[in-house]
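Have a look at the structure below before the remarks.
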Amino acid sequence: MIEPRSASERDLYALIEDFFRHRFQTDNPLITEAVRRMLAAGGKRLRPRITLLAADAMGGNADEHLALASYMELIHVATLIHDDVVDGAQTRRGVNATAVDFGNRISVLAGDYLFAWIFKNVTATYPAPIPHILSATLADICDGEVLQLRAMGNLDLPFDDYVEIIEKKTAALFGASAECGAICGGQGAGVRALREYGVHYGIAFQMMDDLLDVTSDEAALGKPVGNDLRERKMTIPLICALKKGDAAFRTRVEEFFDAELDEQAESAAIADLIARMGAIGAFEATHDAIHTYVERAKLALGGLGTGKNDARDQLASLADKLGRNS
């Protein structure tokens, strides 16, 4: 009998995609269709990959935890469905947002149903503390979204407050993915180390996402460039630009946030702000912040020891890749 290869020796993306393609099914056909369309639009599947690698790093078998890993991605998908309703988004990952095809009512209910379906399965299958970790994570995500809404247009938002927002709305799920995978793989100090890895990785990931919003293009993003500026969100490139820029730049941002512009004028104003942010050096400052959290993520992996551990090395490579892309 051939033993299953470790998670670090396998194509985890393909493994997860195969699971979604052949084994994902809710009790509601319409909601299953809506979720499958979101899944088919793509995504890096980082959260489930981190779950499987964390289990492997602690001595577990990735094949036994595919369902748990899939729940991490499905929690993420449910939050995206809700986010697109809240933001009035038209596209997601280059295709229509769920609300465009199914309407706001179905989209909200689909997200709610998906959360409930996930937790029904988690509580029926996994012992404490995994259900508690995931319920606390969902509370953090909602709290982070509320904090972000309250911070919109606040040009004096402190950097630490921004980090708190993204730690809750994004990094908490990365942390939970790593922690739950680690718990399934084994017990010991490595569980805390892997959670710390996930949280720091998640903060760096969200900072990168914020940076790409103003430095990438629509084809790569799957949504309009400068969308965060359009929605008056306070992200790290803007926070860095306000810190490094002069009073004239701040005035330009204030005028943009206060203005009611048509689509063409708004796009031109966003392009002007992005150019000014780049000239000020905000993008380089954002790169520095990303690298700080990438290094913290890698340092956390030291809690797994220095012996041979292929999964730990692959987690470090994921962080390195994020740093290189910045």
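The values are calculated or read from the model by the stated rules, or taken from the named source; none is laboratory data. The structure displayed is predicted, hence computed values, not measured ones. Cβ sites come from the backbone with ideal geometry, for glycine too, and all protein chains shown count toward neighbours.
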Query raised in the report: Taking the stretch 130-182 only, how many residues are of a type in the set (D, E, K, R) and either under 19 Å from Glu231 (Cα atoms) or over 15 Å from the mean Cα position of the chain (by Cα) (or both)?
Result: 8
Query - Wholly enclosed helices (runs of 4 or more DSSP H) of the stretch 117-233 bearing at least 3 residues under 19 Å from Ile290 (Cα atoms) and among the charged types (D, E, K, R) - result: 159-166, 189-215
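Every residue, every condition in (1) free of Cβ contacts under 8 Å to residues at least 60 places away in the same chain; (2) out of contact with any Ser or Thr (no Cβ under 7 Å at 6 or more places or on another chain), yes or no:
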residue	(1), (2)
Ala172	yes, no
Gly175	yes, yes
Cys184	no, yes
Ala189	no, yes
Ala193	no, yes
Tyr201	no, yes
Query raised in the report: Exactly one of (1) touching a residue at least 60 places away in the same chain (Cβ under 8 Å); (2) over 27 Å from Gly305 (Cα atoms); (3) of a type in the set (A, V, I, L, M, F, W, C); (4) part of a helix (DSSP H, G or I) is unmet by Leu68. Its number?
Result: (2)
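Quick one: count up the residues across the stretch 4-59 that are among the acidic types (Asp, Glu), at pLDDT below 85 and in a loop (DSSP other than H, G, I, E, B). If you could, list the steps in order and put the result at the bottom.
Within the stretch 4-59, the first condition is being among the acidic types (Asp, Glu), and the residues that meet it are 9, 11, 17-18, 27, 33, 56.
Next, only the ones that are at pLDDT below 85 stay: 9, 11.
Narrowing further to those that are in a loop (DSSP other than H, G, I, E, B): 11.
Matching residues across the stretch 4-59 total 1.
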Query raised in the report: Can you spot a residue in the stretch 137-145 that is surrounded by fewer than 24 Cβ atoms within 10 Å (Cβ to Cβ), polar (S, T, N, Q) and touching a helix residue (DSSP H, G or I) at 6+ places or on another chain (Cβ under 8 Å)?
Result: yes
Report task. Kindly indicate whether Leu46 is more than 15 Å from the chain's Cα centre (by Cα) and closer than 25 Å to Leu315 by Cα. Result -> no
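Yes/no per residue for (1) surrounded by 14 or more Cβ atoms within 10 Å (Cβ to Cβ); (2) aliphatic (A, V, I, L, M); (3) free of Cβ contacts under 8 Å to residues at least 40 places away in the same chain:
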{"residue": "Phe19", "(1), (2), (3)": "yes, no, no"}
{"residue": "Ala57", "(1), (2), (3)": "yes, yes, no"}
{"residue": "Leu74", "(1), (2), (3)": "yes, yes, no"}
{"residue": "Val85", "(1), (2), (3)": "yes, yes, yes"}
{"residue": "Gly88", "(1), (2), (3)": "no, no, yes"}
{"residue": "Gly94", "(1), (2), (3)": "no, no, no"}
Report summary line: Taking the stretch 261-285 and keeping residues in contact with a helix residue (DSSP H, G or I) (Cβ under 8 Å, 6 or more places away or on another chain), farther than 18 Å from Asp246 by Cα and either in contact (Cβ under 8 Å) with a residue 60 or more places away in the chain or not hydrophobic (A, V, I, L, M, F, W, C) (or both) leaves Glu266
Query raised in the report: Is the stretch 31-40 home to any residue that is under 21 Å from Val199 (Cα atoms) and either crowded, with 20+ Cβ neighbours inside 10 Å or in contact (Cβ under 8 Å) with a residue 12 or more places away in the chain (or both)?
Result: no
Report task. Determine, yes or no, whether Thr79 is at pLDDT 85 or above, more than 22 Å from Ile183 (Cα to Cα), hydroxyl-bearing (Ser, Thr, Tyr) and within 17 Å of the chain's Cα centre (by Cα). Result -> yes
Query raised in the report: Out of the residues in the stretch 100-132 that are farther than 12 Å from Leu30 by Cα and hydroxyl-bearing (Ser, Thr, Tyr), which is surrounded by the fewest Cβ atoms within 10 Å (Cβ to Cβ)?
Result: Thr125
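Which of the residues that make up the stretch 213-254 are on the phi > 0 side of the Ramachandran plot and among the small types (Gly, Ala, Ser)? Steps first, please.
We begin by selecting, within the stretch 213-254, every residue on the phi > 0 side of the Ramachandran plot; these are 222, 226, 232.
Hits for the stretch 213-254 are Gly222, Gly226.
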